[in-house]
Amino acid sequence: MSYDYTRFIPESVKNLLQQVKDLSEGYDVYLGGGFLRDLYCCVNEWSGDRVLVDICFEPKDIDLFFVPNGTSTQTLPTLSKSYINYDKKAEDIAEDMAARGVASLRGMMISGLRPTHDVQFIVYGKEMSIEELAADMDCNINQVMYSLSKGWYQTEEFISGHENHTIKLLHTFDEDRMISRLVRMARKFDDYSVDTDLDWEAFYNDLEYVPERGGSFCEED
């Protein structure tokens, strides 16, 4: 059965996306990553039952992606009732993030926002289409994006990954970070298999191993 996933996005989040879009200059703004992935899984698990989806969907945070749209001036929004937890340049987190076009990350808390008050801005330094942006997500099961103007987009890798219950990384970067990413995803989706040549299972089974993180986008959790 095919669902209209956009109707399950909470109105509070759509309102946030509209507010951010209106206050931003020089950027197209997208909602993506783990928030939409978990919503997708919840809708499919409960066969589109709105009440059950509302009960089971408890996102950790909201990732908003900012992509330059070709204008000369670029300004990120200042949101009322928000507190900035961190503001980082991509190169200060990982070289591969800067190489793929990410310029900076900003994490914040927004008072009164539901279903979560944790929001992250992922700011790119290059123009990209929604298709290119979704494909830039490292893990197959996270390759999904939404915008108010372009709607919901998911890659074929995203669909097949969830249908086949298979996790795989689609980009190559620092091996320790790749293993960290796989461990996080495998622990979250413990009924999914992992398609990789990396030696990650010892870390998965080590209960004392807690991968470092610097914002959800860094680990796509």
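Miscellaneous remarks
- The range 1-57, accessible surface, carbon-and-sulfur percent (1.4 angstrom probe): 48
- Each Cα pair under 8 Å and six or more residues apart adds its sequence gap; the mean of these over the residue count of the chain is a relative contact order of 19 percent.
- Taking the Cα atoms of the chain, the ratio Rg/Rh between the radius of gyration and the Kirkwood radius comes to 0.94.
- The chain - charge dipole about Cα centre, Lys and Arg +1 at Cβ, Asp and Glu -1, debye rounded to 20: 1040
- Of all DSSP-defined beta bridges confined to the range 39-174, some 80% are antiparallel rather than parallel.
- Taken per residue, the accessible surface of the range 60-165 reaches 46 Å², heavy atoms only and a 1.4 Å probe.
- Computed over the range 1-60, the range of Cα coordinates on each principal axis works out to 39, 19, 19 Å, biggest value leading.
- Formal net charge of residues neighbouring residue 160 (Cβ-Cβ distance under 12 Å; K, R +1; D, E -1): -3
- Compactness of the range 51-132, expressed as Rg and Dmax over alpha-carbon positions, Å: 14.8, 45
- Counting lysine pairs in the chain that sit 8 or more residues apart in sequence, or on different chains, and whose Cα atoms lie under 14 Å apart gives 4.
- Table column - 3J(HN,Hα) (Hz), the range 166-173, Karplus curve with 6.51, -1.76, 1.60, x for Gly and Pro: 10, 9, 8, 8, 9, 10, 10, 8
- Considering only alpha-carbon pairs that sit under 8 angstrom and 6 or more positions apart, the relative contact order computed for the range 1-126 is 27 percent.
The values are calculated or read from the model by the stated rules, or taken from the named source; none is laboratory data. Everything quoted here is computed from the prediction, not taken from an experiment. Note that we place each Cβ from the backbone using ideal geometry, even for glycine, and neighbour counts take in every protein chain shown. Areas reflect the complete protein model, heavy atoms only, side chains present, ligands, DNA and RNA absent. Shrake-Rupley method; radii C 1.70, N 1.55, O 1.52, S 1.80 Å.
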